[in-house]
Number of protein chains: 6
Amino acid sequence: MMHYEKQGMVVTDIRRASAADAQTLARFGVATVHEAMGRQGLMQPSMRPIYPGATLCGSAVTALVHPGDNWMLHVVAEQIRPGDVVVVACTANNTDGMFGDLLATSFKALGAVGLVIDAGVRDVAEIAAIPFPVFSTAIHARGTVKATLGSVNIPVICAGALVQPGDIVLADADGVVVVPLARVSEVIAAAEIRAALETTKRAKLAAGELSLDLYNMRPALQAAGLTYIRQSDLREE
Amino acid sequence: MMHYEKQGMVVTDIRRASAADAQTLARFGVATVHEAMGRQGLMQPSMRPIYPGATLCGSAVTALVHPGDNWMLHVVAEQIRPGDVVVVACTANNTDGMFGDLLATSFKALGAVGLVIDAGVRDVAEIAAIPFPVFSTAIHARGTVKATLGSVNIPVICAGALVQPGDIVLADADGVVVVPLARVSEVIAAAEIRAALETTKRAKLAAGELSLDLYNMRPALQAAGLTYIRQSDLREE
Amino acid sequence: MMHYEKQGMVVTDIRRASAADAQTLARFGVATVHEAMGRQGLMQPSMRPIYPGATLCGSAVTALVHPGDNWMLHVVAEQIRPGDVVVVACTANNTDGMFGDLLATSFKALGAVGLVIDAGVRDVAEIAAIPFPVFSTAIHARGTVKATLGSVNIPVICAGALVQPGDIVLADADGVVVVPLARVSEVIAAAEIRAALETTKRAKLAAGELSLDLYNMRPALQAAGLTYIRQSDLREE
Amino acid sequence: MMHYEKQGMVVTDIRRASAADAQTLARFGVATVHEAMGRQGLMQPSMRPIYPGATLCGSAVTALVHPGDNWMLHVVAEQIRPGDVVVVACTANNTDGMFGDLLATSFKALGAVGLVIDAGVRDVAEIAAIPFPVFSTAIHARGTVKATLGSVNIPVICAGALVQPGDIVLADADGVVVVPLARVSEVIAAAEIRAALETTKRAKLAAGELSLDLYNMRPALQAAGLTYIRQSDLREE
Amino acid sequence: MMHYEKQGMVVTDIRRASAADAQTLARFGVATVHEAMGRQGLMQPSMRPIYPGATLCGSAVTALVHPGDNWMLHVVAEQIRPGDVVVVACTANNTDGMFGDLLATSFKALGAVGLVIDAGVRDVAEIAAIPFPVFSTAIHARGTVKATLGSVNIPVICAGALVQPGDIVLADADGVVVVPLARVSEVIAAAEIRAALETTKRAKLAAGELSLDLYNMRPALQAAGLTYIRQSDLREE
Amino acid sequence: MMHYEKQGMVVTDIRRASAADAQTLARFGVATVHEAMGRQGLMQPSMRPIYPGATLCGSAVTALVHPGDNWMLHVVAEQIRPGDVVVVACTANNTDGMFGDLLATSFKALGAVGLVIDAGVRDVAEIAAIPFPVFSTAIHARGTVKATLGSVNIPVICAGALVQPGDIVLADADGVVVVPLARVSEVIAAAEIRAALETTKRAKLAAGELSLDLYNMRPALQAAGLTYIRQSDLREE
């Protein structure tokens, strides 16, 4: 995989995760899902929501674009099916505003539930008003050309994470995580266990129990050599 | 222009754009105006509003300051006329809080409609409460001295854009754009045409029409060599 | 101070500022307090609130952690007393999400009034909902291990500022400032004078008086060589 | 691929490219090989040689490490075979000095021809004196712990590029490129054609021929609307 | 100026500074020339030589390009006259390798004395071997397309400095400075005075005279309130 | 300490480390000394030598300056004693060229063995030719004013490290480390032990012994759960 010789390829009729699985994963949030995956699949922290409260979860349709050129965003639109998240990677770091309210209107009409783009977007006030959830690495008004082919629905590296078409992409205020199609069931199971445990823990911590005791950390800390000293016993320097 | 031999110069009685033109441009937003200018005049994406929803549009009065020194902000205040936007460039990258609620109170009282500053500001909660629209490249509490002369109402380069006194400066959530005084009428005309076209396009896209068809992109994509392949037909690797 | 030979030390029973002093300082805000200190004690501008409106003020309990490892956050919890602010420094720049809603629940239950951390946090929507004020240099979902000892309640350098246990830490939208325990009374006195002066100045500026006159800046500007010229008198170039 | 459920896995006896192929690719340099691949496979520009003149080419053995923890560099050493390049990815951005002259001595003794690491290194003067070619994203003296398992010889994303064990990694002053094992022959063939063409072009350009003519660009430029105007005919503004 | 409505314009037959003036300025170095200009005209510190010892000085021919697209570098080549420096600005931050050894060979054959580019370059070892002096904001192997028109010999903002065609551009290890054509004589005169003064000062400082005395700084320092205290007299805290 | 109420203070007659201790520490290098200190005292990796091969070691005389203002560098000169290292911190991030060849000439004449500055320097070619070792966070030609008091020989935070006057500062290609005066003897002792151990280890590693065995890491790795699997036994995905 990732060994495509040719650029300018659109892969159609991709396999996707089920809508039910996406809905299930969306309940857990990015932090829990990332933990359930064995702490894998996160995009870098530079990927942020363009308006407060934006969240999204769905199957990835992907596009690889060039800096300053959003031609492939028009091509990928035709591949959107209801419930999809469009994931856009760029061949170089670029802050140009590749996506605006017209494309947001189009993507939403075609059933997309959001966009994750390693580049800039614009018309962010209008996009927030729609609303259409977008996570990007930049906000900038600068327009782009439509001159050079990229590809659609090939595996891409977006903000440091590998995204294959059909993978589930989940995003919230904590970032963006990618769940490979083949691991969805396993991750859901692990996330459910983790979420259940957290509910119990939260109640105990809210009641004032120390996590040192809840997680039984004292023996390991002592073994590692942790020592306690009263401030008044510190030697003067 | 830009060839001023002397520092410490205040240029007074500058020509300005008309208030009517500024109001007209404000309706279009930064992205549309930037396109109407031939994709020119944008400041860099590091220039951001200090509170959500801030927008501004008016004629530029400019100041060139030194890092850590806001003396010229007091000098430029006297040059403010109702409807002006104060634009501050700095001779070096600097995040110090050069502007706070006292100066915001003063600038507003003198008729300024906002500030664009390639440096830091402070008292941002108080400034948002006034409200006085500010776009800056940093937020920081650090105070500044008043020791070294800069200049007022000379051409400056602010966040990568040339600003001449009297140019119209327009800012919203997508960034900041500068419209040279000599091009205002032309840009308004182009923006009106563009905005009208976008309204029509938006309706068609909202109805599900593909931008590939709306913009008749398929012939050019085909000529460039774009190919389609079903995922199930991809060779295994 | 700062000359601790051993890692893995927890200093207990630290001296703290009084709750009354913290409440008094909180009224002034970071910008005023920083000025009252002689423009000292600020953290760098990369330290930002994780949700709008977050503020905090209290005595510092400190932790020094390693990148990707939040073990000491569990250890520091036991040292929290009502009114404390937990201040976390890291031995390297790190964006991992060291603190989430479980620890926020715990810290709040133990009486902490907020967290300042030179690293990442996660569960930011949940933390904002509690609410528990947090200032951090990153937001990211990535989880951390519990493997390596740091220290608790030693002096630390957090985002460029020295924080000693018991110092008052004050944070708002303008940043974070640290007031050494020994200087609290002096700083409160200076802040009160400054705040009183600002109220008077604000009224005059709101009435349209120029700060040039209010601060009597014209003689110094003239002495420095500031010159005024009408734009129409500038020579053509 | 990339779907490994478990951390703490060492994959042994990986398939590698042939030494002959690596030697052949090394002749072309990173820029030519990247072009021969269809402009794919480059790491980000933050990946730089630690001393002038460093170059490397060989089969990748990979390690995934955690910030501030170089335990897996000791584990990967055992998997080195003569001609290998060790490629180290980290689960978070980290500048700690994970690799120094002792590990360089060890890796060289075991036959490695270089290191590519998305983190920091130290002892750079000593490593340059050996010499052992290293490309890193940081230089820093800070030491690391050995506390948390990562993995060895799994696919990793290093400085934005996917590296699978056995891929050929080529690095010089222009950056680092990864050639997937399955594409080595094809890329060599394409690089040879490209290199031959460049020799011819270079001679013509050195003789003063314009690239506009050599590449026959004038018709396309004219079609795109390029216009020429003498400076003296520009209207005054 | 800077108000060009059309993109895709090549301005020919530009006025240039004299070769003699460029040679004279080259003797002073960037720091002295920048001071002689009244501390104006410097590019930002991100603009660096691609190999140690690179320096250049000549009249600017300019190009404005788009991210990932070096078409205009081929167009600007035809406008080079012996002694010129090519200055390339880009409409967005971009690290792609827009310039390599083939273009370096061509530019040198046409008489250019160097390149200043606010983007990436590649083949840096080969360019250093020619040698052809280049200052850039990035080094990266990534290739670029030739698809979108920019302009040639229009005023550009390059790394924060305004460059008009024909201006003298001077670069050395301290950075890059732009001397407007109209100010060349004045700047040469000021630089000569400054350089002469520095020779005298250097001798006195080398003999151990304090700059406090050489520049007679003590009265101003005392007036500003500078106080001296022996360390042993500092109160204990 | 660090609680100075007044700015504009010069502390004279500071206690210093002995020249013999500085010479001894210089032999070990930054990485070893930092380890010998318990991994403390390092400046951030943004602090780099301005020319290859620069190293320095001596007692710190410190200065705190303001952005764009190098007045205190003239004041600190008078406090230099043979063997001193001047350490300059700035109240804000600043890249201006605060130090050039004239000050380098002066500092060298007064006996300083180098400079560490969290700001910019200029005349780097001339400084390298002297040679005078300098470590800085920026290189830039921009000149500075002499207008605002800072302080001399107070404790400062420079590039993230606390430096007290008289501390030993050691710098080489791996960065800069600060050894508090009170810990010099202890650190020398620890460094000697560490250096001796490294010599033995280096010989064994050069002979091909695995660090896994040399450091007896296998039991801990096994306990942590490290597993080995042949690539050919990996399940297909």
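When residues in segment C:74-88 are screened for being touching a Leu at 6+ places or on another chain (Cβ under 7 Å) and either within 14 Å of chain A (Cβ to nearest Cβ) or surrounded by fewer than 23 Cβ atoms within 10 Å (Cβ to Cβ) (or both), 6 of them pass. Of all residues in segment C:157-166, one or more are modelled with pLDDT of 95 or more and β-branched (V, I, T).
Within segment F:33-47, the set of residues being under 13 Å from the mean Cα position of the chain (by Cα) and in contact (Cβ under 8 Å) with a residue 12 or more places away in the chain comprises F:V33, F:H34, F:G41, F:L42, F:M43, F:Q44, F:P45, F:S46, F:M47. If only residues of segment C:37-47 that are within 8 Å of another protein chain (Cβ to nearest Cβ) and surrounded by fewer than 21 Cβ atoms within 10 Å (Cβ to Cβ) are counted, the one that is farthest from C:S185 (Cα to Cα) is C:Q44. Could you tell me whether D:P131 is open to solvent by less than 20 Å² (accessible area, probe 1.4 Å) and more than 30 Å from E:D13 (Cα to Cα)? In short, no.
Between C:A224, C:A220, the distinction of being facing chain B (nearest Cβ under 7 Å), aliphatic (A, V, I, L, M), open to solvent by 40 Å² or more (accessible area, probe 1.4 Å) and touching a Phe, Trp or Tyr at 6+ places or on another chain (Cβ under 9 Å) belongs to C:A224 only. Within segment D:48-73, the set of residues being outside any loop (DSSP other than H, G, I, E, B) and open to solvent by 20 Å² or more (accessible area, probe 1.4 Å) comprises D:R48, D:P49, D:C57, D:L64, D:H66.
Quick one: in segment E:134-163, of everything that is polar (S, T, N, Q) and open to solvent by 20 Å² or more (accessible area, probe 1.4 Å), which residue is nearest to E:V184 (Cα to Cα)? Let's see the steps before the verdict.
First pass over segment E:134-163, keeping only residues polar (S, T, N, Q): E:136-137, E:144, E:148, E:151, E:153.
Imposing the further condition that a residue be open to solvent by 20 Å² or more (accessible area, probe 1.4 Å) reduces the set to E:137, E:148.
Values: E:T137: 26, E:T148: 35 Å.
The selected residue is E:T137.
Checked against (1) away from chain C (no Cβ under 14 Å); (2) surrounded by fewer than 21 Cβ atoms within 10 Å (Cβ to Cβ); (3) in contact with a helix residue (DSSP H, G or I) (Cβ under 8 Å, 6 or more places away or on another chain), D:G8 passes all but condition (1). Filter segment A:146-166 for residues that are of a type in the set (G, A, S) and not in a loop (DSSP other than H, G, I, E, B); which is farthest from B:L234 (Cα to Cα)? The extreme case among them is A:A161. Is there a residue in segment D:96-108 that is part of a loop (DSSP other than H, G, I, E, B), farther than 18 Å from F:L210 by Cα, open to solvent by less than 10 Å² (accessible area, probe 1.4 Å) and not hydrophobic (A, V, I, L, M, F, W, C)? Taking every residue of segment D:96-108 in turn, at least one turns out to be part of a loop (DSSP other than H, G, I, E, B), farther than 18 Å from F:L210 by Cα, open to solvent by less than 10 Å² (accessible area, probe 1.4 Å) and not hydrophobic (A, V, I, L, M, F, W, C).
Residues of segment C:74-95 that are part of a strand (DSSP E or B), aliphatic (A, V, I, L, M) and closer than 22 Å to A:E35 by Cβ: C:V88 alone.
In segment F:82-125, what residues are of a type in the set (K, R) and touching a strand residue (DSSP E or B) at 6+ places or on another chain (Cβ under 8 Å)? Show your work before the answer.
Let us first name the residues in segment F:82-125 that are of a type in the set (K, R), namely F:108, F:122.
Scanning segment F:82-125 gives a single hit, F:R122.
Checked against (1) in contact (Cβ under 8 Å) with a residue 40 or more places away in the chain; (2) out of contact with any Gly (no Cβ under 7 Å at 6 or more places or on another chain), A:D84 meets all criteria but (2). When the residues of segment C:109-123 are filtered to those that are assigned to a loop (DSSP other than H, G, I, E, B) and over 17 Å from the mean Cα position of the chain (by Cα), the one that is farthest from A:T227 (Cα to Cα) is C:D123. Take C:A92 and tell me if it is of a type outside the set (S, T, Y), within 29 Å of D:L149 (Cβ to Cβ) and in contact with a helix residue (DSSP H, G or I) (Cβ under 6 Å, 6 or more places away or on another chain). Taking the combined requirement at face value, the residue does not satisfy it.
So, in segment B:124-157, exactly how many residues are among the hydroxyl-bearing types (S, T, Y) and within 17 Å of the chain's Cα centre (by Cα)? Show your work before the answer.
Step one: list which residues in segment B:124-157 are among the hydroxyl-bearing types (S, T, Y), which gives B:136-137, B:144, B:148, B:151.
Then drop every residue that is not within 17 Å of the chain's Cα centre (by Cα), which leaves B:136-137.
Here the count works out to 2.
Taking segment F:144-201 as the range and being within 14 Å of chain B (Cβ to nearest Cβ), in contact with a helix residue (DSSP H, G or I) (Cβ under 6 Å, 6 or more places away or on another chain) and closer than 24 Å to F:F132 by Cβ as the test, the residues that pass are F:K146, F:G150. If you check F:R81, F:R122 for being within 26 Å of B:T144 (Cα to Cα), at pLDDT 95 or above and among the basic types (K, R), only one passes: F:R122.
Is it true that E:Q23 is open to solvent by 10 Å² or more (accessible area, probe 1.4 Å), within 8 Å of another protein chain (Cβ to nearest Cβ) and not in a strand (DSSP E or B)? So E:Q23 does not fit the description; no.
Sub-6 Å Cβ pairs linking a first residue in segment A:108-132 that is at the interface with chain B (Cβ under 10 Å from one of its Cβ atoms) to a second residue that is assigned to a loop (DSSP other than H, G, I, E, B) and aromatic (F, W, Y), at least 6 apart or interchain, are A:K108/A:F132; A:A128/A:Y51, ordered by first then second residue.
State yes or no: is A:A141 in contact with a helix residue (DSSP H, G or I) (Cβ under 7 Å, 6 or more places away or on another chain), assigned to a loop (DSSP other than H, G, I, E, B), farther than 30 Å from B:G225 by Cβ and aliphatic (A, V, I, L, M)?
In short, yes.
The values are calculated or read from the model by the stated rules, or taken from the named source; none is laboratory data. All values derive from a computational prediction rather than experimental measurement. Backbone-built Cβ (ideal geometry, glycine too); neighbour counts: all protein chains shown. Quick note on the areas: whole protein, heavy atoms, side chains included, nothing else; ligands and nucleic acids left out. Shrake-Rupley method; radii C 1.70, N 1.55, O 1.52, S 1.80 Å.
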